Amino acid sequence: MAATELNIFAEETEWDKVERWRAEALEKVGYDLSSALELAGRHDVDLHQAVELVEAGCPPELALKILL
C-alpha cells in the first residue's frame, strides 16, 4: 500500500469506514458500484434487507427501487 493510500485511510471517519464496508458488502451480492454507494450512504436503508432481497433472487435494480 502506498503512503498516500495510508493517509486516505488514516483520515477516514468511523462513518466513512462503515459506508465503505456497507458498499463492499452490497457489491459482493450483485449491486453495481453506483447503487452500492448510494445504498451504503443511506442511514434509512437496512443493509441486511438490501442483501437478503438480492440473495432471494430479486434483481439488484428492482431491489434498489424497493429500498428507496
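The values are calculated or read from the model by the stated rules, or taken from the named source; none is laboratory data. What you are looking at is a predicted structure, and each value in this text was computed from that prediction instead of being measured. Cβ atoms come from the backbone with ideal geometry, glycine included; neighbour counts cover every protein chain shown.
When ASP46 is tested against (1) at pLDDT below 95; (2) surrounded by 11 or more Cβ atoms within 10 Å (Cβ to Cβ); (3) among the acidic types (Asp, Glu), exactly one condition is not met: (1). Can you name the residue in the range 18-43 that is free of Cβ contacts under 8 Å to residues at least 24 places away in the same chain and not in a helix (DSSP H, G or I) and is also surrounded by the most Cβ atoms within 10 Å (Cβ to Cβ) among such residues? My answer is GLY41. Look at VAL51 and say whether it is surrounded by 10 or more Cβ atoms within 10 Å (Cβ to Cβ), part of a loop (DSSP other than H, G, I, E, B), modelled with pLDDT of 95 or more and β-branched (Val, Ile, Thr). So VAL51 does not fit the description; no.
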